[in-house]
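Here the structure is laid out as structure tokens; the discussion comes afterwards.
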There are 2 protein chains.
Amino acid sequence: MRRTKTVDKFLTKFDKELKSGMISLILLFMIDRARDPMYGYQIIREIKEKTDGNLEFKEGTIYPILRNLEARGLLKSVWDTKGERPRKYYQITKDGKSALSHAIDDWETFSGVIKDLISRDGGEGGP
Amino acid sequence: MRRTKTVDKFLTKFDKELKSGMISLILLFMIDRARDPMYGYQIIREIKEKTDGNLEFKEGTIYPILRNLEARGLLKSVWDTKGERPRKYYQITKDGKSALSHAIDDWETFSGVIKDLISRDGGEGGP
DNA sequence: TCACAACACATAGAACCTCTATGTATTGTG
DNA sequence: CACAATACATAGAGGTTCTATGTGTTGTGA
């Protein structure tokens, strides 16, 4: 199947939207599963690492979202200024845990709906 | 697990973002798989129907996106003014088919990455 | 005949989002 | 000394869907 500029542009947009819809879930998830509190820069690297480079976010993307999640009460943060560098460590709250759990359920329902839809007639479609 | 207002707000936003990232794919998909060209109002109803009410879009959402997909060259449209009502029928183009096929691949890769990530330690997490 | 729902498309403006680009400052490295 | 990596921050651009509203037609029930 040919992949013209038109098609590429669409796919770039599509991938971007897929990613962006999931950022919050991924952030909550990473912070929840880590044994110790995490800081922003670290999260960025670990997402990249754990997804084998499939998912990569910039600082300008992540920091505002972490602040947003904190403002919503799903995360809480503490500054550590005693270490080698000042770092802002995030932990998940009770509401955060609840939101994460429900969001994962929603994700599973949603991806199931999409899967059913696109596999209804066996995928790749018409001649 | 309690579900506070805070949590509900987050989930509403989350669900909305999930949905919106997939609209284009769903529209291309529906139009591609239909035997005959489809018109906007019909697409809205069929999405609702085929997903058992899980996915529902408003006219104000769908029409601009159909136009956008046409402007990008992934759909083409024809007005039918001879029937009982004037309707704008959409068909998928070659680029549209290509974009759809790649987008489905991307979706499968992406949902796989997320699935791996969130099932790495067996789901729900925490004590 | 009248009122109202459903059909069918259209669009302006609001509200929201992430990303680009840039800035600050410190620490390690060649 | 210059530069890369670490670490956080934010303004502004650019993009998106959704809300709300408008137009007009057809069908339906009282």
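The values are calculated or read from the model by the stated rules, or taken from the named source; none is laboratory data. Please read all numbers here as calculations on a predicted model, not as lab measurements. Glycine also receives a Cβ, built like all others from the backbone with ideal geometry; neighbour counts cover every protein chain displayed. Please note that ligands, DNA and RNA were not included when accessible areas were found on the heavy atoms of the full protein model with its side chains. Shrake-Rupley method; radii C 1.70, N 1.55, O 1.52, S 1.80 Å.
Greater than 20 Å separation of Cα atoms is the criterion. Which listed pairs, A:K13/B:K58; A:K16/B:K19; A:K97/B:K13; A:K50/B:K13, meet it? Present the calculation step by step, with values, prior to reporting the outcome.
Working: A:K13/B:K58 22 Å; A:K16/B:K19 14 Å; A:K97/B:K13 16 Å; A:K50/B:K13 26 Å.
Pairs exceeding the cut-off: A:K13/B:K58; A:K50/B:K13.
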7 Å along Cα→Cβ, label-point gaps from B:P86 to other copies, nm, shortest first: 6.3
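For the pair B and A, how large is the buried accessible area, both sides, in square angstrom to the nearest 100, if the probe is 1.4 Å?
Values: alone 9960 and 9990 Å², together 14430 Å².
Buried area between the two chains comes out at roughly 5500 Å².
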Within 10 Å of each Cβ in B:16-25, the average number of Cβ atoms from other chains: 6
Label spacing, shortest first and in nm, from B:R3 to its equivalents in the remaining copies (7 angstrom along Cα→Cβ): 4.0
Teacher prompt: A:A71 distances to equivalent labels in other copies, 7 Å Cα→Cβ, nm: 2.9
From phi via Karplus (6.51, -1.76, 1.60), per-residue ³J(HN,Hα) for the range B:3-19 in Hz, x at Gly/Pro: 10, 6, 4, 3, 5, 4, 4, 4, 5, 4, 4, 4, 4, 4, 5, 4, 4
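Rank-order B:78-87, B:54-63, A:98-107, A:65-74 by packing density, defined as the average count of other C-beta atoms within 10 Å over each peptide's residues, highest first.
Ranked by mean Cβ neighbours within 10 Å, highest first: A:98-107, A:65-74, B:54-63, B:78-87.
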Sequence-distant residues sharing a close amide H with A:Y39 (under 5 Å, placed H): A:Y90
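Would you mind computing Rg(Cα) / (2.2 N^0.38 Å) for the range A:1-59, counting N as its residues?
Working: Rg = 14.5 Å, N = 59, 2.2 N^0.38 = 10.4 Å.
It is 1.40.
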Computed label-point distance, nm, for sites A:K5 and A:K115 using a 7 Å Cα→Cβ extension: 3.9
Rg/Rh for the protein assembly as shown, where both radii come from Cα atoms and Rh is the Kirkwood radius: 1.03
Restraint check, A:K9/B:K82; B:K5/B:K115; A:K9/A:K48; B:K9/B:K115; A:K82/B:K115, Cα-Cα greater than 31 Å: A:K9/B:K82; A:K82/B:K115
Estimated 222 nm signal from helices in chain B, with DSSP H stretches of n ≥ 4 weighted -39500 (n - 2.57), rounded to 500: -21500 deg cm²/dmol
Estimated distance in nm for a label pair at A:D36 and B:D52, the labels positioned 7 Å out from Cα along Cα-to-Cβ: 4.6
The range B:87-102-the range B:17-34 distance, computed between alpha-carbon centres (Å): 11
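From the gyration tensor of the Cα coordinates in the range B:7-126, what semi-axes in whole Å does the equivalent ellipsoid have, largest first, with each one equal to sqrt(5λ)? Each step should come with its number before you reach the end.
Numbers: eigenvalues 201, 62, 27 Å².
For the range B:7-126, the ellipsoid semi-axes come out as 32, 18, 12 Å.
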